[in-house]
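Everything on this sheet refers to the single structure shown next.
The values are calculated or read from the model by the stated rules, or taken from the named source; none is laboratory data. All values reported here derive from a predicted model rather than from experimental measurement. All Cβ positions, even for glycine, are placed from backbone atoms using ideal geometry, and neighbour counts span all protein chains on display. Just so you know, the surface numbers come from the protein's heavy atoms only, side chains and all, with ligands and any DNA or RNA stripped out. Shrake-Rupley method; radii C 1.70, N 1.55, O 1.52, S 1.80 Å.
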Amino acid sequence: MARKQKTVSLDFAFFTHLHDFYKQNKGYIRTHYRALTKKYLDYNDPTNANPFLRQAQFEALEMYVFLKEFLHNAPLHQVFKDWSEQTGRFEARTKVAKAGQMVLFEEPTKGQYDQLFKRMRANSRLYPNYIFALTMGTGKTILMATCIFYEFILANKFPRDEKYCHNALVFAPDKTVLQSLREIQTFDLTKVVPPQYTERLRANLKFHFLDEAGTSLSTIDNSRYNLIISNTQKIILKRQSKEKTPTDKLFGSGKPTYTPGSVYDEFSDLLDDEPETERDLATNQRFEKIRRLEQLGIYVDEAHHVFGQNLAKDVGSKKDSRKTSLRVTIDEISANLKRAGTRVVACFNYTGTPYVGREVLPEVVYAFGLQEAIDKLYLKKVQLNGYTNPRSTEFVELAIDDFLNRNQEQRHEGMLPKIAFFAATINELQNELRPAVEAALLKHNLPLSKILVNVGDPKLTSNDDIREFHRLDTENSDKQFILLVNKGREGWNCRSLFGVGLFRKPKSKIFVLQATMRCLRSIGEGQQTGSVYLSNDNLQILNDELQQNFRITAKELEDTGKEKDLLQVKVAKTVTVKLRRIRKQYDLTAKPVPTEPFSLNLQAAPTDKYRLLHTTQEGLALGDAAKRKERTEDISHQRHQRQFSRLTLVAEAARYLNKSCLEVDRLLGQAEEGLPSILDGVNEFNELLYDWVIPRLFHLLYEITDSQTTEEYEVELVKAPPKGFYELLSKPHLTAYLAKNPEYTAKSFHLDHYCFDSKPEQNLFWKLVKEKRVKEIYFTGMLTHGQSDFFIQYIDPESHTVRSYYPDFLLQKEADNSYVIVEVKGDNKIDDPVVQAKKRFAEDIASASGMTYEMIKGSDANDGNYGILFGEAQAVQGELGDG
């Protein structure tokens, strides 16, 4: 029997390998980006002094730009094919196996990936379809706005480039989420858009918010920079789906609802039957308007609350027979745009998970999971409370007792903590849940006015209640106990929600997961804890849904973030150090315009390095060229060169010289070589213009003088914290405590806790703090967000922007009181271009300040090989402290 061919598992996460390729080749990839794109990315880089985007948002933005600028919006199945075969843009890819990940290729067969490739291709659409899977609370709406603004800025600069969207259509799943998307319209775009582009973007950007059923879309045909926010029901093409009943025919007028020859006639070819209502007409009018917009980008804010098979259908990874589904609507828009001569540039889906059951959604290009979000402090930690066979009154009383015990008398950002209880029906809420909550509040002497009911029934939920519901996240709200029926599942971003209670088994299992995640949004400084109160049946459902949608268990969710302690780090003593800042100033002075002829000395230009040479050799004989019958010919004439005329040559030179074209034309006319000879040389080798002609003209017109000044200034190793302490997360085994080591008070510990990033840092610290040649040593690498003035500015070699670098240690020698700035780096990072750039700038600052700078490999730090700090060639073995 033939051996069965291995195939790639459907849980193969291609997006992790795609991201790895980007990180490993980032410098090379950026060479393919437009300068404007680099500016946009650099402005949003989280390593800037005051970043706005979180690391996860920025990484997703990087992948968004990577797909567009480097891969030209290629369908993901084609990207996967090129990646797997190492062709096209992925020629330089290396097959690196990571620990814990499956290896895609094992020679000799490449059939291992056929199943995944066929699946990707089978799910492909008329347009590129990408999924960005960032869990709830990580800022998907802001990310979406950042991507759209990027598209419009680039489209304005390069209107003929088909990669960029000229218009954007944002889909929300329903009216609740539609309201939350108003953040795109109200968002301060200066936080993500470089200042030189904000005014133009504001001037051109046109918002269309379709929140009412009868609202028409007012876009101008073939216009640009329209940002339309709607849900599917307000866009999808309405068609009569069933034959009229006798009652319909009896009460119908039998006449059109519009006047023939009116503006609505243009929609008649879109309808199987006449429109029944003005609402139907408005819906079809929107569809018609959208298909008249060029280069449309579609953004689906669909799935931060959708999981399982519904998610697969909405993002197009599973066939869907629903005539009114989201994917059918998008496919219909794409087909209509194509018939109209334009296109959907791409569809970008923003979801909360990359998983559907046991499978990974194949179109995912970036993912940031629930565990990662909690670890990075983007969400609250979770405490799960399960109860066996709880009665309504018992469950509510126990939950409220625990909630008040944890949160009473607390305020976060001025807001009261809140708990939400979900009931399955309105009757259950009225007859069981509400009386139980009222009884629990009376037990704690709390007023019943702290209860807010929102069930969608005007008899129970007034307009005042709705207003209170929308202002829960304000300092003026005194509501704390929120009673809901199928509310708050999506679009309800209440950061001051600290608890969720659900004891009855709901009709939808996924509702347990949706309701649980409502209380996880972060608030205040440090990481808070959200409490979830469930019956054991619901706890089991939660565990199953977490496994299917996030690949974690309820126990793992509860344990996430617990390996780190939230410490209140206080200043133990004030330490200052004097540094010298080097300032270099370059002055540009205009020279008198030459009146006499001058020479550009073109004959001395090194044109040989521009030549294209072709070498042939007959046979494999060694020896001199004659014996090898080697011939070399110059085929430079076959190079693709731009042919300049007098006008274009003058215009190109004027761009660089900041002079008028008339002045440059007159200047070139004074050259002894003559303009015809200059044109001949430049047209033969275009590089001659930029490397030789323009620099010599520049030095004829300008003189550059430079000067350097050094000024001394004093910096504090740690600023005074506004609340008396800084809150930091640290693993206990990587934390050094002053309270446990008071004997080192004079020699170290300017903070009462040192939170090390790695074991080598910790080991080096304990060896040096016990080293007799060390007078003082301070760990300075833990305060990297503006809490310290001890940082070094350097120019990032990839982005060419100024960044701040915080070294690991500041050491003072006993012998001469001189200082050494010490950095511990992983062995594999020593030669990294960014690390070397930090080193160069640090050495300059250290030298000017009478200090030295030393970088130590992690392996050497771990083994105590630090003799280089004291000018020794041999390593000195130190003594390891217990911390």
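Would you mind working out the accessible area per residue for region 745-883, using a 1.4 Å probe, and quoting it in Å²?
43 Å²
Can you give me the long-range amide H partners of Ala420? Hydrogens built in the peptide plane at 1.01 Å from N, cutoff under 5 Å, separation of 5 or more residues or another chain.
Under 5 Å from the amide H of Ala420: Ile482, Gly499, Val500, Gly501.
Full extension from Gln641 to His733: what is 0.36 nm times the residue separation minus their Cα-Cα distance, to one decimal in nm?
26.8 nm
What's the whole-number percent of alpha carbon pairs in region 831-870 lying beyond 16 angstrom?
Here the tail beyond 16 Å accounts for 46 percent of pairs.
In nm, give the distance between the simple-model label positions of Thr186 and Phe207, each being 7 Å from the Cα along the Cα-to-Cβ direction.
0.9 nm
Let me cross-check Tyr690: its accessible surface, 1.4 Å probe, with only protein heavy atoms counted, in Å² to the nearest 10?
Tyr690 exposes around 80 Å² with every protein chain in place.
Got a sec? What order do Lys443, Lys68, Lys479, Lys584 fall in by accessible area at 1.4 Å, biggest, i.e. largest, first?
Greatest to least solvent exposure: Lys584, Lys443, Lys479, Lys68.
Of Ser535, Ser847, which has the most accessible area with a 1.4 Å probe, and how do the rest follow in descending order?
So, going from the largest accessible area down, we get Ser847, Ser535.
Per 5 Å bin, what is the whole-percent P(r) computed from every C-alpha pair distance within region 783-830?
5, 16, 17, 23, 22, 10, 5, 2, 0
Whole Å is fine, so just give me how far the alpha carbon centre of region 399-424 lies from that of region 688-716.
62 Å
Taking R0 as 35 Å, what FRET efficiency do you get between Asn493 and Phe725 from their Cβ-Cβ distance, rounded to the nearest 0.05?
0.75
How big is the convex hull of the Cα atoms of region 801-850, per residue, in Å³?
It is 91 Å³ per residue.
Express in Å², to the nearest 10, the accessible area of Leu588 obtained by rolling a 1.4 Å probe over the protein heavy atoms while all chains stay in place.
Roughly 100 Å² of Leu588 is accessible to a 1.4 Å probe.
What GluC sites (Glu not before Pro) does region 662-711 have in DSSP loop regions with at most 11 other beta carbons within 10 Å?
Taking region 662-711 and a limit of 11 other Cβ atoms within 10 Å, the loop GluC sites (Glu not before Pro) found are Glu672.
Can you give the net charge of the other residues whose Cβ lies under 14 Å from the Cβ of Phe841, counting K and R as +1 and D and E as -1?
Around Phe841, the surrounding residues sum to +4.
Evaluate the relative contact order of region 729-794 (contact order divided by residue number), counting alpha-carbon pairs under 8 angstrom at least 6 apart; express in whole percent.
So the answer I get is 31 percent.
Can you give the Rg to Rh ratio for region 739-883, taking only C-alpha atoms and Rh from Kirkwood?
Using only Cα positions, Rg/Rh for region 739-883 is 0.95.
Which residues' amide hydrogens lie under 5 Å from the amide hydrogen of Thr135, considering only partners 5 or more residues apart or on another chain, with H built in the peptide plane?
Close amide H contacts, sequence-distant or interchain: Phe368.
Find the Rg to Rh ratio for region 650-768, where Rh is the Kirkwood radius over alpha-carbon pairs and Rg uses the same atoms.
Taking Rh as the inverse mean 1/r over Cα pairs, Rg/Rh reads 1.49.
Roughly what % antiparallel, to the nearest 5, for the DSSP beta bridges in region 727-883?
Bridges in region 727-883 are about 75 percent antiparallel.
Sorted by accessible area (1.4 Å probe), largest first, how do Ser334, Ser660 line up?
Greatest to least solvent exposure: Ser660, Ser334.
Quick one: net charge of Tyr702's neighbours, Cβ under 11 Å, K/R +1, D/E -1?
Neighbour charge sum, excluding Tyr702 itself: 0.
How much space per residue, in cubic angstrom, does the convex hull of the C-alpha atoms of region 337-451 take up?
Value for region 337-451: 258 Å³ per residue.
In terms of the Cα gyration tensor, with a ≥ b ≥ c the square roots of its eigenvalues, is region 745-827 rounded because a/c is under 1.5, prolate because a/b exceeds b/c, or oblate?
It is prolate, given that a/c is not under 1.5 and a/b is the larger ratio.
Filter Lys767/Lys813; Lys418/Lys459; Lys68/Lys829; Lys381/Lys719 down to the pairs with a C-alpha to C-alpha distance above 21 Å, please.
Over 21 Å apart, Cα to Cα: Lys418/Lys459; Lys68/Lys829; Lys381/Lys719.
How much of Phe117 can a 1.4 Å solvent probe reach, expressed as accessible area in Å² and rounded to 10?
In the full protein context, Phe117 sits at about 20 Å².
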